[in-house]
Every structure is written in structure tokens, then in C-alpha cells.
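Q: Here's a structure for you.
The values are calculated or read from the model by the stated rules, or taken from the named source; none is laboratory data. Model, not experiment: these values are computed from the prediction. Positions of Cβ are generated from backbone atoms using ideal geometry, with glycine treated the same way; all protein chains shown enter the neighbour counts. With ligands, DNA and RNA removed, areas are computed over all heavy atoms of the protein, side chains included. Shrake-Rupley method; radii C 1.70, N 1.55, O 1.52, S 1.80 Å.
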Amino acid sequence: MVKPGAKVLELGGGTGVQSFFAAQKAQKVFCVERNPELVYAARSFLAKNINGDKVEVIQADALHYLPPEPVDVVICEMLHTGLLREKQMPVIDSFKKRYLERFGGPLPIFVPEASIQAIQPIQQNFHFEGFYAPTILFQDPCSTQERSKNLGDPEVFQWLSYAEPFSQTCSWDGQIIMAENGQFNALRLITKNVLAINPATSSTVDWHTQYIILPLSSPLSVSEGEYISIRFNYQGGAPLNALTDSLEVCRTSDMKHRSVERLSLA
Ligand SMILES: C[S@@+](CC[C@H](N)C(=O)[O-])C[C@H]1O[C@@H](n2cnc3c(N)ncnc32)[C@H](O)[C@@H]1O
């Protein structure tokens, strides 16, 4: 993504590790971090690493910062599953508006380029050595999940391309068909980030954040072929409970489902 001689901005640079990688090819990297302790850490780590001198660490709020000159690439990894908690969406949205006002187009390339979000109905074992605790859990996306049974396929509710205009809202109002009988007691929240798209090979470099398992307050006994209606609505960067507070899950009645099908066929 970073071509030789490029100018790069990292928003939310943390320890500076990604700015370090960018600096191996870039001519100049502006690394913006709000937390003064991390600014100190990033500066001292970069000083010990090759090409670290190409990185300027700036203590600032990424919601207001603009680089002194146009940049080719913006790295922003303020990512949390669901695009909750961290300010990826508001920071990039604000950056784009201010950047276009100051420098005109084109916009730089964003890393990641996109985030794709999905939910999946599951049956989760919330018993821990005999203790029943239906609580929010995190799962490694690369591991087999012995304690989860998938009851249906993941449903994509958001495809967000950072270079395109996007709404600050993450929401869904839809139905999922159950592929298995079971106790539907949790939703798996999936966020896949597309770090780079390679049109030449039609391939992407993907990175999943950890899955979040959200327990349902009222589990449902479900049968294969049954439809479940799910609805939620929250703002990107909101606390986790913004999703759970807005979450509505219920059995879709046969009647309602048939009328929805008729509407979509018309
Ligand atoms: C998930 S970390 C990523 C850090 C970095 N990419 C790394 O790999 O070390 C997000 C970083 O963004 C910083 N951050 C959060 N909000 C910020 C803001 N409004 N302005 C600047 N930095 C911010 C946090 O302090 C944190 O270091």
C-alpha cells in the first residue's frame, strides 16, 4: 500500500509500530496519538528502529488533526469488533471532510480500505466448570469454537468502504433462517477488515478482529427452517451496550414471514 517515497499519516498510532512499517518505504510518516504516554513510548521505540527518524510523532486528537501537506496513505486502526468503542468511523469521516476542504481531492488511500460486519445466531455454552454465566465473550476468529454451535449463516449487515461517504450508524433490521435445531441464546458479532484490495489478483488482505459473543436476555428454542427477526441500531464508536440496548430478537411469525416474502418478490 505504501509506495516508495509516499507520504503517510497514521491516526491513533499507539506504539508507532505501523508507522515504523510504513517508514520502511515512505518518505515521511506523520503519526498522531492522543495519549501522552504512548506518544513518549512511540518516540522512544522509533528512535531505536531503522527509518524511525522518518516518523514524526504528534500528540493530538485525530478528530481535529490535519497534516501540514497532502498525504498518499492514511493508516487508521482504531478498530474494535462492531466498530464499537473505538472511534474509527467518526475519526475517518471527520478527517475526510476536513482534508477535502483544506487540500481538495483526491483522498488518500485508507488502510484498512473497508470493514465488513456480520451477525450469526449461535448456541453458546455459558457454563464454566458448573457456573452458569451468560456474559459477553470474545473468540479467536482463527480457532475452532467447541463451546459454540452455529444455528445459521452469518448475515452481513454492513459493508463500509472508508474512501466512500458512509453513515455513522451501524444497523440491521432483517431475518435469519435457522439451519439447525437448538437453543438460540447468543449472537456472534463479526468484523472483518480489508487491509488491502489487490485488483490485479482480485484478492484481499483481511484481518478479523476478535468475535464478540453477545448473550440474549431471552433465549429461544429454534427449529431448522424457522426465521428469526433481529433488529439493532447504534453509532460507530459507541460503547458496547449501545448495541445490546437496541437489540431486539424475536421469532418471525409464519404469517409475517410470508408477507415479507411476497413484498420482496413483487
Ligand atoms: C487500537 S490502538 C492502535 C494502535 C496502533 N495502530 C498499534 O498497532 O500500536 C488505537 C490507538 O488510537 C489512539 N486514539 C484513540 N482515540 C484517539 C484520538 N481521538 N486521537 C488520537 N489517538 C487516538 C489510542 O490511544 C490507541 O493508541
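Q: If you place +1 on the Cβ of every Lys and Arg, -1 on the Cβ of every Asp and Glu, and leave all else neutral, what size is the dipole of the range 47-118 about its Cα centre, to the nearest 20 Debye?
A: Dipole magnitude for the range 47-118 comes out near 140 debye.
Q: Let me ask you something else. Out of the total accessible area of the range 131-230 (probe 1.4 Å, heavy atoms of protein only), what percent is carbon and sulfur?
A: Whole-percent figure for carbon plus sulfur exposure: 52.
Q: Still on this structure, please answer the following. So how do 234-246, 131-143, 37-49 stack up, highest first, on mean other-Cβ count within 10 Å?
A: 234-246, 37-49, 131-143
Q: Starting at the first residue of the range 206-211, write each ³J(HN,Hα) from the Karplus equation 6.51 cos²θ - 1.76 cosθ + 1.60 with θ = phi - 60°, in whole Hz, x for Gly and Pro.
A: Using θ = phi - 60°, the values come out as 10, 9, 8, 6, 4, 5 Hz.
Q: Kindly sort TRP159, TRP207, TRP172 by accessible area of their heavy atoms, largest first, with the probe set to 1.4 Å.
A: Highest to lowest solvent-accessible surface, that is TRP159, TRP207, TRP172.
Q: With just the Cα atoms defining each centre, how far is the range 46-119 from the range 200-221? Give it in Å.
A: Centre-to-centre distance over Cα atoms comes out at 23 Å.
Q: Using a 1.4 Å probe, what is the accessible area per residue for the chain, in Å²?
A: For the chain, the per-residue accessible area is 52 Å².
Q: Moving on. Give me the percent relative contact order of the chain, please, defined on Cα pairs under 8 angstrom at least 6 residues apart.
A: So the answer I get is 17 percent.
Q: Taking the Cβ of ARG147 as the centre, find all other residues whose Cβ is under 14 Å away and add up their charges (Lys, Arg: +1; Asp, Glu: -1).
A: -1
Q: Let me ask another. Scan around PHE110 for amide H atoms under 5 Å from its own, H built in the peptide plane at 1.01 Å from N, and keep only partners 5 or more places away or cross-chain.
A: Counting only residues 5 or more places away or on other chains, the set is VAL74.
Q: If one computes the Cα centroid of the range 29-44 and of the range 126-183, what distance in Å separates the two points?
A: The two parts, judged by their Cα centres, are 34 Å apart.
Q: For a quick check, take a GNM of the chain with Cα springs below 10 Å and name the residue from VAL71, VAL32, VAL205 with the largest mean-square fluctuation.
A: The residue that fluctuates most here is VAL205.
Q: Okay, moving on. Where does each of SER161, SER229 land when they are ordered by accessible area, with a 1.4 Å probe and the largest first?
A: The ranking, largest first, comes out as SER161, SER229.
Q: Then there's this: Calculate one ³J(HN,Hα) per residue across the range 221-230 by plugging θ = phi - 60° into the Karplus curve 6.51 cos²θ - 1.76 cosθ + 1.60, and present them in order as whole Hz with x for glycine and proline.
A: 7, 10, 10, 3, x, 7, 9, 10, 8, 9
Q: If the cut-off is 20 Å between C-alpha atoms, which lysines fall inside it for LYS7, apart from same-chain ones fewer than 8 positions away?
A: List returned: LYS25, LYS28, LYS54, LYS96, LYS97.
Q: Would you calculate a helix-derived [θ] at 222 nm for the chain, using -39,500 (n - 2.57) for each DSSP H run of n ≥ 4 and dividing by the full residue count, to the nearest 500?
A: -6000 deg cm²/dmol
Q: Place a +1 charge on the Cβ of each Lys and Arg in the chain and a -1 charge on the Cβ of each Asp and Glu, then give the dipole magnitude about the Cα centre in debye, rounded to the nearest 20.
A: Magnitude of the dipole: close to 540 debye.
Q: Ignoring any ligand, DNA or RNA, what whole percent of the accessible area of the range 1-58 comes from carbon and sulfur when the probe is 1.4 angstrom?
A: 56 percent
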